[in-house]
Each structure stands twice: as C-alpha cells, then as structure tokens.
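Everything below concerns the one structure shown next.
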Amino acid sequence: VQLQAYGGGLVQPGGSLRLSCAASGSISGFNSMGWYRQAAGKQRELVATKTTFGDPDYADSAKGRFTISRDNAKNTVYLQMNSLKPEDTAVYYCRGVFYGNEYWGQGTLVTVSS
C-alpha cells in the first residue's frame, strides 16, 4: 500500500487547511493512521493518530485546533487544521500501521505566514 499526502500550501495565520492522505489500497485493516510533521531543523513529531475503533490522540499543540478523521470507504485519512499558527509550518506526513508494519506518505508542505 502506498500513501499519498496532499492538500498543503501557503495559508495566513488564523486560516485553515485540510490535508488528505489517500491510500492505494484498503486502509480498513490498518490498526492506526496518523499525521506527523517535521519543521526545518527539528525532529519529526506526532500531530494526531486514529486507531480503527479508538478515540483520536492529539499532540498538545494540536488539541482544539486539529481534527483527524478516517474514511475507510474512500481509503483516505484527513487532517482538518484550523486556527493555524506560524509554528505549524512544517512538512506533514501521513503514516499507517498494519500489524506492526509502517507505511509513510511522501509529505506535503504547510506554510503559515502572512
């Protein structure tokens, strides 16, 4: 399965973006789907994850502003990002876990700037 992340771009502070992660195959069997990000000069960090049946888990920086959702019928995972801040600027990656095997998308750049 290949993951394709898209939806990034340039947005002003306070704006919104929705990222999508489309899988080439079914994600219904994936134990967990999530979003991570890596800012320039920093390590990759968790943004949000969603297991098949559990509640979503968010980084403190994302709580109250970002929402992760997965649509198994469309084999797609979304990250709705609201109230964006300059510190949200990063390359965003989607990740899927299938019984211990990791799958990563190629990343999509989000730039928050006026």
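The values are calculated or read from the model by the stated rules, or taken from the named source; none is laboratory data. A quick note: this is a predicted structure, and the numbers were derived from the prediction, not measured. As a convention, Cβ positions derive from the backbone with ideal geometry for all residues, glycine included, and neighbour counts pool all protein chains shown. Accessible surface areas use protein heavy atoms only, side chains included; no ligands, DNA or RNA. Shrake-Rupley method; radii C 1.70, N 1.55, O 1.52, S 1.80 Å.
Residues of region 23-39 that are surrounded by fewer than 21 Cβ atoms within 10 Å (Cβ to Cβ) and more than 13 Å from Gly107 (Cα to Cα): Ser24, Gly25, Ser26, Ser28, Gly29, Asn31, Ser32. Looking at region 40-63 only, could you name the residues that are among the hydrophobic types (A, V, I, L, M, F, W, C) and under 13 Å from the mean Cα position of the chain (by Cα)? Correct list: Leu46, Val47, Ala48, Ala59, Ala62. Can you tell me which residue in region 64-87 is least open to solvent (accessible area, probe 1.4 Å), limited to those that are more than 11 Å from the chain's Cα centre (by Cα) and among the basic types (Lys, Arg)? Ranking the qualifying residues of region 64-87, first place goes to Arg65.
Taking the listed residues Gly64, Gly41, Gly15, the one that is touching a residue at least 60 places away in the same chain (Cβ under 8 Å) and in a loop (DSSP other than H, G, I, E, B) is Gly15, with no other qualifying.
Looking at the structure I just gave you, is Ser61 among the hydroxyl-bearing types (Ser, Thr, Tyr), closer than 21 Å to Thr111 by Cβ and open to solvent by 50 Å² or more (accessible area, probe 1.4 Å)?
It is true that Ser61 is among the hydroxyl-bearing types (Ser, Thr, Tyr), closer than 21 Å to Thr111 by Cβ and open to solvent by 50 Å² or more (accessible area, probe 1.4 Å).
Filter region 88-114 down to the residues that are acidic (Asp, Glu) and either surrounded by 13 or more Cβ atoms within 10 Å (Cβ to Cβ) or within 14 Å of the chain's Cα centre (by Cα) (or both) and list them by number. Selection gives Asp88 alone. Restricting region 40-58 to residues that are crowded, with 19+ Cβ neighbours inside 10 Å and not hydrophobic (A, V, I, L, M, F, W, C) leaves a set whose member that is farthest from Cys21 (Cα to Cα) is Tyr58.
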